[in-house]
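All remarks here apply to the structure that follows.
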Amino acid sequence: CTPTPDQDAGSVTADQWLTMLQQMNLKVTFCPEDNLARLEDYTERLERRGIECLYRPYVNSIEEYLQQQGSSLDVIVIFRYMVAQSTLPLIQKYAPQAKVLFHTIDLHYLREEREAELYDCDERRLKAAKTKTMELAVCEEVDVICTHSTLEKEEIQQHLPKAHIEISPLILEMK
């Protein structure tokens, strides 16, 4: 979804990455995969910074956009494993030349495993195991994985020793 950096840490990370990529003089296009919505203040904020934003009614689906523009894309950055699950097949079909960088924001399954232990709940353990399978499957399909911590990097490497994993420190602007 469109980053709302005044509301959650994942949005802070996504927003800072968009800024960083733009400062590298790259053409940055942002697409809110979940709903293609234009959020008045937040989308406008990105557009004022020169970031192209995709939304309805100009773009009706990620697939439509990738069909039309996929061959011109060099790098695709995906935040969160749920987004990667739905977009990776489309990227592989319409933009196979693009390198895919996946930023975990955090490893969801680790959070779920900790919660399951805290509540000593088998149902939550099962959910965490399913999340782990899905999250690691995404990690196997991308060119580069970014995570915030050494612990998460080591966790991924334990399961995927050949994965290319980089630590991307949390970037916070002090005001």
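The values are calculated or read from the model by the stated rules, or taken from the named source; none is laboratory data. Fair warning: this is a prediction, and the values are worked out from it, not measured in the lab. Cβ: placed from backbone, ideal geometry, glycine included. Neighbour counts: every protein chain shown. Ligands, DNA and RNA are stripped out before the accessible areas are found, and what is left, the full protein with its side chains, is counted by its heavy atoms. Shrake-Rupley method; radii C 1.70, N 1.55, O 1.52, S 1.80 Å.
Miscellaneous remarks
- Per residue accessible area of the chain, 1.4 Å probe, in Å²: 59
- Length gained on full extension, residue 144 to residue 24: 41.4 nm, using 0.36 nm per residue less the C-alpha separation.
- Over the chain, relative contact order from alpha-carbon pairs under 8 Å, at least 6 apart, %: 16
- Scattering profile of the stretch 1-72 at q = 0.11, 0.14, 0.19, 0.20 Å⁻¹ [log10 I(q)/I(0), Debye over alpha-carbon scatterers]: -0.26, -0.43, -0.79, -0.87
- Computed as a quarter of the hull surface, the mean projected area of the alpha carbon convex hull for the chain stands at 11.3 nm².
- Take the Cβ atoms of residue 71 and residue 134, set R0 to 30 Å, and the FRET efficiency comes out at 0.60.
- Within the stretch 100-175, the percentage of alpha carbon pairs spaced more than 18 angstrom apart rounds to 43%.
- Spatially proximal lysines relative to residue 27 (Cα-Cα < 24 Å; intrachain offsets below 8 disregarded): 93, 99
- All lysines inside 29 Å of residue 127 as judged from Cα atoms, apart from same-chain residues fewer than 8 positions distant: 153, 162
- Per-atom-type breakdown for the chain gives carbon and sulfur 52% of the accessible area (1.4 Å probe, protein chains only).
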